[in-house]
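Here the structure is laid out as C-alpha cells; the discussion comes afterwards.
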Amino acid sequence: MFVDFFYLLKKVGIPVSPTSFLRLQKALNMGLVNSVDDFYTAARSILVKSERYFDLYDQVFAHRFQGVELKEPEAIEISEVARALLEEWLKNPRELADLLGIKEEDLSKLTPEELLQYFLDRLKEQTEAHHGGKKWIGTGGTSPVGHSGYHPGGMRVGGVSRNKSAVKMAMERRYRDYSQEGPLTESQMGEALKRLRNMVPHGPKDRVNIDETIYETMKNAGEIEIVFDQSLRDRLKVILAIDNGGWSMDPYIGLVQTLFNYARAQFKELKTFFFHNTIYDYLWEDPQRRSKPFPLDELPRLDPETRFIIIGDASMAPYELLSTDGSIYVGERSGKPSYMRLEFIAKTFPHSVWINPVPPVEWAYTRTILHIQEIFPMFELTLDGLEKAVGHIMRKN
Amino acid sequence: MSKEIQNRKFKGGSKYVLDEELAKIVNISIALEMPLLLKGEPGTGKTMLAHAIAEALQMRLIVLNVKSSMKLIDALYQYDTLTRLNDSRFGDSKRDVSNIEDYIKMGKIGQSFASDERVVLLIDEIDKADTDFQDDMLDVLDQMEFDIIEIDKTIQAKNRPVIVITSNAKKDLSDPFLGRCNFHHIAFPEPDMMRKIVEVHFTGIDKELLDSAVRTFYRLREIKGIEKKPATRELINWIRALRSDPDFRVKDLVKGEVPFLGILYKKSPDYAVAQNAVGRFRA
C-alpha cells in the first residue's frame, strides 16, 4: 500500500528512507491514521525531514491523491491560476456557471473537488485553444481576491478555516517559500552563511582543561596532573565583493544588503568591497565607489586562505570585460583588461566563488557570464546555490 | 501501553493554542515512541509545546537546555570527582568514599530515564551542539539505556519518555539524526491564530486593542531589512506594556503611532530601521 507514493517522493528528490516508510506502515497498522487528512500529516512528519521539501511533498501528495499534474511547471501554474480564478468567481456563482457552461443548480451539486477538477479540465481546453489564438477565459471583474468566497453548495475557499481537506491544503502550497528553489529570506540566508564558520584550535596550549585535569588527577590517585588545551578560534577571513552599480543589479541590492548584515557577525574578519559590473584596478570600500579605493595589487598581501566571494550579475557589454581599457570610468584604465584582473584574483585566492542572482537558465545567453564562469566557479543566489558555494569554499584544498 | 496512549491524547494546554495538524503529529509521535523534532522561527512556540504536552498529559517536564560546549556525558550523568576528592581528604560527609555510585549525579536525560513515572523530555535547541553530540544522543534515546563507565552499570529507562526536540535551524542536523525523528516545521501563525494566542494570554482583552495591536504587529513584520523580526513573545510583552501604560489610547495605533518599539526590536540596527519605517506609517 502506498508504495508508489513512496517511490514518487523519492523520484522527485525528497530524501526518504525505507526505514521511515516502514515506520509509516507501523503507524497505519496501529490505527493512528483514519483519513486522508491524517495520512497527509502523518506521512509528512514521518517521511519528510526538512521544511525545504514540504512544498515538493505537497505537490506529490496532490498529484497522487487528486491527480493534479506534476512537475510540468505549466501544469502547476495552471492549477495556481485556476485556484485564484475559482476563488474570484465563487463570489459570483452565476457567472461561473455561465463560463463553465453548466446550470447554476448543477454547479451546486458538484463537490468542491469535482468542481475544481471540472474547472481544471475546462481550463486545459482553454489553454490549448489559446495557442490557436482564441481568447482565454477572462478574469471576472477586478475586485481583489478575498477569503470568504462561497459556493452555492457551501464550499469555503482559502481563508483561515482549518476544515479544509488535506488535498486542498496540499494544493495551496503553503510551504512554497520554504522550498529549495524558493526566494531567499533573511533567516535562510543566515542559516546558509553560518556554515562558513570554521572553528579551529589555535595558538599556544594555555588553557587549563579543568574537567580533564580533575579526571586525570583522580586516575593518577590524587597526584595533581594538569591538562592544557589550545583555545578555539574562528580563523576564517572573508572578502565580499559586491556589484552595486547600475540598474541591472538594482533588484538585488536589498537582498545583498541583508546578506551583508548577516555576514558581518559571522567571521573572524570580513572585508567588504564594491565594484560596478566588473573589477579593474580598484575595489572600493565605500558603496558610492568614490572616496576609498583599494588597489587590486595590494590583494596578494592579504592571507591567501581568505575566502573571496563575489556577488554580481556578471552581465555587461563584452568590451567591458575583454577590452584593454574597458572600464566605463576613465581613471581606471591601466591597460589590463578586466578578465585578466579577475584571473589574478582567482589565482591569489584559491578559495573564491562568484554568486550570481541571475537564474542559471539564463546564463548561457549572456556572453560575459560564460566568460566569467571559466574564471570563477559560479553559483546562483538561492538557498541551494548559496549552500553549494559555501560548500565549495570550505573545502580544504 | 497502547491502551494508555489511546486514553491520553494530547489536546492542547491552557496557555497554548494548538494547531490541529500539530496535535495529530504529537499524538502519532507519542504512539510510535519517536522523538518529535520541531523546527521553526524563534517565537513560534516550539518550547511552549513541550510545556503544553506535559501539562495536558499530566507528566513531569524535564528540560535539557543544550549548549554549544556540551558533551553528551553531561546530559547523561556526572561523576562528581571533586566532591569525592574533598570527602576523601576531610571525611566529614555521610557519603561513602569507597562507593563511587554515591558520587554519580544524573544529568537531564539520566533523570528522565530514572524517573518512576513517564515524563516529557524537552531537548531545547539541539542545533547548538555539534553533530557528534546529536548522533550519540539519538543512540542513547534509541536504546533507552546508557552505561556509567565508572561503576560499570547500565541505566535503563523505566518508562520511555515523551521526547520533544527543538531546533532553530542554526545548523543542519545530520541525516541519521533526522532519520530517527518525526519532523514538523511550525510556520509563523496567521493573524487569526495570533489573535487566539493573544486572547489565551490576556483573557477578556479589549477587542479593539487586540485587533489594532495584531494588525500593527503584522505590519511591523513586513518591514524589510530586519535581522530579527518580532515574534510571538515580543507581541505578548508589547501588549502587556501597552495595557499597563495609562496614557496609551488604542486610537494611537490606528493613527500609526507605535509606542514601546524597543520591546519589539531588540537589536539596535533593527530598531533604527524600524523606527524609520514607523515614521512612514503616520503619513
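At 0.36 nm per residue, minus the direct Cα-Cα distance, what do A:I226 and A:V361 gain on full extension? Give it in nm, one decimal, please.
Answer, rounded to one decimal: 42.6 nm.
Of the listed pairs A:K237/B:K266; A:K49/A:K388; B:K24/B:K207, which have alpha-carbon separations greater than 23 Å here?
A:K237/B:K266; B:K24/B:K207
If r is the Cβ-Cβ distance from A:L22 to B:L82 and R0 is 60 Å, what FRET efficiency results, to the nearest 0.05?
0.80
So if I take the centroid of the Cα atoms in region B:203-232 and the same for region B:100-158, what is the distance between those two points in Å?
The two parts, judged by their Cα centres, are 40 Å apart.
Modelling each spin label as a point 7 Å along the Cα-to-Cβ direction, I'd like the A:S291/B:D96 distance in nm, to one decimal.
7.7 nm
Which whole number gives the average, over all residues in B:78-85, of C-beta atoms from other chains lying within 10 Å of the residue C-beta?
Shielding by partners across B:78-85 averages 3.
What is the local net charge at A:D4, summed over the other residues whose Cβ is closer than 12 Å to its Cβ (Lys, Arg +1; Asp, Glu -1)?
+3
Once you charge only the Cβ atoms, +1 for Lys and Arg and -1 for Asp and Glu, what is the size of the charge dipole of region B:191-282 about its Cα centre, to the nearest 20 debye?
Working: 19 positive and 13 negative charges, 51 e Å.
Computed about the Cα centre, the dipole is about 240 debye.
Give the long-range amide H neighbours of A:S352: residues separated by 5 or more places, or on another chain, with amide H under 5 Å away, using H modelled in the peptide plane at 1.01 Å from N.
Those qualifying (amide H under 5 Å, at least 5 residues apart or on another chain) are A:F308.
Through the Karplus equation 6.51 cos²θ - 1.76 cosθ + 1.60, θ set to phi - 60°, convert the phi angles of region B:162-167 into ³J(HN,Hα) values in whole Hz; use x for Gly and Pro.
7, 10, 10, 10, 10, 9
So how do A:219-230, B:147-158 stack up, highest first, on mean other-Cβ count within 10 Å? All intermediate terms of the calculation are to be shown ahead of the outcome.
Working: A:219-230: 11.2, B:147-158: 13.6.
Packing proxy ranking, top to bottom: B:147-158, A:219-230.
Work out the FRET efficiency for B:D152 and B:N65 from their Cβ-Cβ distance, taking R0 = 25 Å, and round it to the nearest 0.05.
With a Förster radius of 25 Å, E is 0.25.
Between A:A241 and residues 5 or more places away or on another chain, which pairs have amide H atoms under 5 Å apart, with H built 1.01 Å from N, and which residues are they?
A:F273, A:I309, A:I310, A:I311
Helix-only mean residue ellipticity at 222 nm, chain B, DSSP H runs n ≥ 4 weighted -39,500 (n - 2.57), per residue, nearest 500. What is it?
Numbers: 14 runs with 134 residues, N = 283.
My calculation for chain B gives -13500 deg cm²/dmol from helical runs alone.
May I have the count of lysine pairs in region B:64-111 with C-alpha atoms under 18 Å apart, counting pairs 8 or more residues apart or located on different chains?
4
In whole Hz and in residue order, list the ³J(HN,Hα) couplings for region A:363-380 that follow from phi through the Karplus curve 6.51 cos²θ - 1.76 cosθ + 1.60, θ = phi - 60°; x for Gly and Pro.
Per residue, the Karplus-derived 3J(HN,Hα) values read 4, 5, 8, 10, 4, 5, 5, 4, 5, 5, 4, 6, 8, 10, x, 10, 10, 8 Hz.
As I understand it, the dipole of region B:161-283 uses +1 on the Cβ of Lys and Arg and -1 on the Cβ of Asp and Glu, about the Cα centre. Which of B:I205, B:G256, B:S244 lies farthest toward its positive end?
In region B:161-283, that residue is B:G256.
For region B:2-186, with the dipole built from +1 on Lys and Arg beta-carbon atoms and -1 on Asp and Glu ones, taken about the Cα centre, which of B:G91, B:V119, B:A129 lies farthest toward the positive end?
It is B:V119.
Note down the net charge around B:T154, summing +1 for each Lys or Arg and -1 for each Asp or Glu among other residues with Cβ under 14 Å from its Cβ.
-4
Could you give the dipole magnitude of region B:2-186 about its Cα centre, charging the beta-carbon of Lys and Arg +1 and that of Asp and Glu -1, in debye to the nearest 20?
The dipole of region B:2-186 has a size of about 680 debye.
Over all residues in B:177-187, what is the mean tally of Cβ atoms on other chains that come within 10 Å of each residue's Cβ?
If you average over the peptide's residues, the count of other-chain Cβ atoms is 6.
Each reported figure results from applying straightforward, stated rules to the coordinates on display, with no laboratory input. Note that the coordinates shown come from a computational prediction; the quantities given were computed from them, not determined experimentally. Cβ sites come from the backbone with ideal geometry, for glycine too, and all protein chains shown count toward neighbours.
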